[in-house]
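Scroll down for the structure; my scribbles are underneath it.
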Amino acid sequence: MSRNKRGHYQVDNKPVAVNDKLENLVSGLGQVSHDKSVSNRYSFRELPRDQLDNAYRSDWVAGKAVDIVADDATSEWRSWNAEAEQITALESSEKRLGILKKTQAALKKARLYGGSCIVIGIKGDTNLLRPLDPSKVRQGGIEYLNVVTRHELSYSEIDWDIASPYFGTPKEYTYSNPNGQAIQIHPSRVVRFIGRELPSRQTAGYNGCGDSIIQRIDDAVKGAALS
């Protein structure tokens with residue numbers, strides 16, 4: 001048995017069919033194509049929280065990637081187009097609630113962890129599971145704005161009702177404080193900040209949040225540190 005110029009097996013110059021099951025995805029042995037790139041497959045490994053923390057705290061490139069957009073977005077803050085007395089009242093409320101710093105913190109935590117939230121507290125309203133009606137909030141009625149990360153809030157179910165204003169997000173949140181107390185929160189009382197948007201709500205592991213910005217640049221950051 002020999003092989004002709006075309007690579008076909010033959011006996012006495014006659015073609016012979018050979019059923020060879022050996023195939024190698026890397027070398028292409030046994031396949032028509034010998035292009036090694038056909039064996040390439042994309043994979044995804046989500047970085048655990050401790051790695052995100054360590055990257056942010058120890059690597060200046062990773063830390064800058066998280067901070068720079070949030071700092072730039074809030075550096076000049078905003079201006080109001082209203083009467084002088086109204087502007088004074090608005091700015092006073094913003095200062096009292098620390099809105100600038102808390103927005104900045106929420107943006108950074110979202111970019112670092114993939115998601116964060118600001119929980120809205122109303123004076124005299126302790127039932128956080130009840131939907132918030134903005135029309136019933138009086139002037140000065142916002143008592144607090146608290147920033148939490150996606151890891152500090154849990155949920156049991158995503159709202160997949162296409163007619164719901166909360167479509168694709170948790171139906172309700174649960175915050176468990178260090179004392180073991182679980183507090184349920186209605187989504188109308190939560191302002192969500194998303195990190196890097198996922199390509200689809202059907203993406204594996206979708207939880208109403210996104211990816212950390214460090215997830216995308218991880219290989220490049222580590223490569224730069226080793227070079």
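The values are calculated or read from the model by the stated rules, or taken from the named source; none is laboratory data. Everything numeric here is computed off the predicted structure, so don't read it as measured data. Methodologically, a virtual Cβ is constructed for each residue, glycine included, from the backbone with ideal geometry; neighbour enumeration extends over all protein chains shown. Surface areas here come from the heavy atoms of the whole protein model, side chains and all, with no ligands, DNA or RNA. Shrake-Rupley method; radii C 1.70, N 1.55, O 1.52, S 1.80 Å.
Yes/no per residue for (1) more than 18 Å from Arg189 (Cα to Cα); (2) open to solvent by less than 80 Å² (accessible area, probe 1.4 Å):
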position: Ser79; (1), (2): yes, no
position: Ala82; (1), (2): yes, yes
position: Gln86; (1), (2): yes, no
position: Ser92; (1), (2): yes, yes
position: Leu100; (1), (2): yes, yes
position: Gln104; (1), (2): yes, yes
position: Val119; (1), (2): no, yes
Self-check item: Within segment 145-160, tally of residues that are open to solvent by less than 80 Å² (accessible area, probe 1.4 Å), farther than 26 Å from Ile99 by Cα and part of a loop (DSSP other than H, G, I, E, B)
Solution: 1
Quiz prompt | Conditions (1) open to solvent by less than 30 Å² (accessible area, probe 1.4 Å); (2) in a strand (DSSP E or B): number failed by Ser164 | solution = (2)
Quiz item: Do we find that Ile185 is over 30 Å from Trp60 (Cβ atoms) and in contact (Cβ under 8 Å) with a residue 60 or more places away in the chain in this structure?
Solution: yes
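So that you can scan it fast, the table gives a plain yes or no per residue for (1) touching a His at 6+ places or on another chain (Cβ under 6 Å); (2) hydroxyl-bearing (Ser, Thr, Tyr); (3) modelled with pLDDT of 95 or more:
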{"site": "Ser79", "(1), (2), (3)": "no, yes, no"}
{"site": "Glu91", "(1), (2), (3)": "no, no, no"}
{"site": "Leu100", "(1), (2), (3)": "no, no, yes"}
{"site": "Thr103", "(1), (2), (3)": "no, yes, yes"}
{"site": "Gly114", "(1), (2), (3)": "no, no, no"}
{"site": "Gly121", "(1), (2), (3)": "no, no, yes"}
{"site": "Asp125", "(1), (2), (3)": "no, no, no"}
Quiz prompt | Considering residues of segment 100-144 that are within 20 Å of Ile87 (Cα to Cα) and among the aliphatic types (A, V, I, L, M) only, the residue nearest to the chain's Cα centre (by Cα) | solution = Leu100
Quiz item: Residues in segment 54-74 that are of a type outside the set (Ser, Thr, Tyr), open to solvent by less than 80 Å² (accessible area, probe 1.4 Å) and touching a helix residue (DSSP H, G or I) at 6+ places or on another chain (Cβ under 8 Å): how many?
Solution: 12
Exercise. Inspect segment 127-144 for any residue being free of Cβ contacts under 8 Å to residues at least 40 places away in the same chain, open to solvent by 30 Å² or more (accessible area, probe 1.4 Å) and in a strand (DSSP E or B) and give the result as yes or no.
Key: yes
Quiz item: How many residues does segment 171-200 hold that are modelled with pLDDT of 90 or more and assigned to a strand (DSSP E or B)?
Solution: 13
Quiz item: In segment 172-187, how many residues are farther than 23 Å from Ser212 by Cα and either surrounded by 15 or more Cβ atoms within 10 Å (Cβ to Cβ) or not small (Gly, Ala, Ser) (or both)?
Solution: 8
